[in-house]
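Heads up, the thing below is written out as structure tokens.
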Amino acid sequence: MKSAAAERETHNEDPQDLSQNLRREVRRVISISDEVLDSILVAFMASGHVLIEGIPGTGKTLLSRTLARCLDCDFKRIQFTNDLMPSDIVGSSIWRAGQERFEFVPGPLFGNVILADEVNRTSSRTMSCLLEAMESGSVSVEGRALPLADPFLILATRNPIEFHGTFPIPEAMLDRFLVRVELGYPDAESECALYMGEAPEEILQELEPVLSTETLVALRAAVPHVTVSEPVCRYALSVADATRKHEAVALGASPRAAMSWIKAAKALALMDGRSYVVPDDLKRLARGVLGHRVFLKDGSDARPLVEEITATLPVDL
């Protein structure tokens, strides 16, 4: 039996209309820039995961809950701490005396939208467990690979100014996040309206799902069929190659990073109602998709350099 969201979508299957409706409903609850919201929606469409950076109080948890509600998805929140164990997020087997057997009780990873709050506060063992889930869509339990939900999306948060009791996120895990975004303060007008208006929590409770999980899965299946011309691919290659050869760069964009960039651009094209990728799709996503996959020698943020490269390199169509 179809959900209410799925019933509504029988009259509105256009990806562009659905994306616009999603943007509108999310903004009813939280003020967010086009760049950040579109990057997150691209990750949803492209079966990717998101790293959200922002100081406390800017709405990271509220944004995650709002997205889950708009997508009619099961939402789980995991507060990562130093003593969090893999079994705390995966689940564990418990003994059922009446049945004389062990029964596996799933942990919070078995949901659709998972908020991994302050993901850099956990140990390498638990981080590795999360990495497996993000990479394969499954977890290992007692020698068995158990599939996770479909769709499955990790929204991980990191406080960029708090370092006490944290661990560095390894490059291998950073690479598993399709996009990295920053959630900063709202503009003055939006913040003033927040003070004077209805509480965001109350608006959130009134939201109706815009997109069913069934339709989201169908949209994800359509992303690989968006076409990419050879000139657009060569432009992506030229950008990746430029990051590798730049004198300030210690580690440039890998082939996998470039492929993730193109996949994200396909999702963005679909959201914009096109069946093909244009160079502007890549340029719009370069900061969020490539910025955390390029490492500078001085350890500073590589995103400005990535934006400079994409803006100056010519596109030969």
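Since every read-out is calculated from the coordinates, none of them should be taken as a lab result. All values derive from a computational prediction rather than experimental measurement. Note that we place each Cβ from the backbone using ideal geometry, even for glycine, and neighbour counts take in every protein chain shown.
Some points to look at:
- Helices in the chain, meaning DSSP H runs of at least 4 residues, each add -39500 (n - 2.57). Divided by all residues, the mean residue ellipticity at 222 nm is -14000 deg cm²/dmol.
- Relative contact order of segment 10-161, pairs being alpha-carbon contacts under 8 Å that are 6 or more residues apart, as %: 27
- Burial ranking of peptide ranges 202-209, 292-299, 71-78, 43-50 (average Cβ count within 10 Å, highest at the top): 43-50, 71-78, 292-299, 202-209
- 3J(HN,Hα) along segment 176-187: 7, 7, 4, 9, 10, 10, 10, 10, x, 5, x, 5 Hz, from the Karplus curve 6.51 cos²θ - 1.76 cosθ + 1.60 with θ = phi - 60°, whole Hz, x for Gly and Pro.
- Once backbone amide H atoms are built at 1.01 Å from N, SER138 has LEU148 as its partners under 5 Å, excluding neighbours fewer than 5 places away on the same chain.
- Segment 142-210: C-alpha gyration tensor shape, a/c 1.5 cut-off, then a/b vs b/c: oblate
- Modelled FRET efficiency - R0 30 Å, SER123 with ARG101, Cβ distances, 0.05 increments: 0.45
- In segment 4-219, the DSSP beta bridges split such that about 35 percent are antiparallel, to the nearest 5.
- Percentage relative contact order, the chain, counting C-alpha pairs under 8 Å, at least six apart: 23
- Here the peptides 238-250, 258-270, 56-68 are ranked by packing, the mean other Cβ count within 10 Å, and the order with the highest first is 258-270, 56-68, 238-250.
- Computed label-point distance, nm, for sites SER190 and LEU313 using a 7 Å Cα→Cβ extension: 3.0
- ASP74 long-range amide H proximity, modeled H, under 5 Å: ASN112, VAL113
- Close amide H partners of SER31, meaning residues 5 or more places away or on another chain with modelled amide H under 5 Å apart, do not exist here.
- By definition, a body whose alpha carbon gyration tensor gives a ≥ b ≥ c is prolate when a/c is 1.5 or more and a/b is larger than b/c, and segment 226-312 fits this prolate description.
- For segment 226-312, the relative contact order comes to 34 percent (Cα pairs under 8 Å, sequence separation of at least 6).
- Flagged links, alpha-carbon separation over 28 Å, of LYS245/LYS266; LYS60/LYS263; LYS266/LYS297; LYS76/LYS263; LYS76/LYS297: LYS266/LYS297; LYS76/LYS297
- Shown is the FRET efficiency for ARG274 and LYS297, computed with R0 = 51 Å from the Cβ-Cβ distance and rounded to the nearest 0.05: 0.85.
- Gyration tensor (alpha-carbon) shape descriptor, segment 1-144, a/c threshold 1.5: oblate
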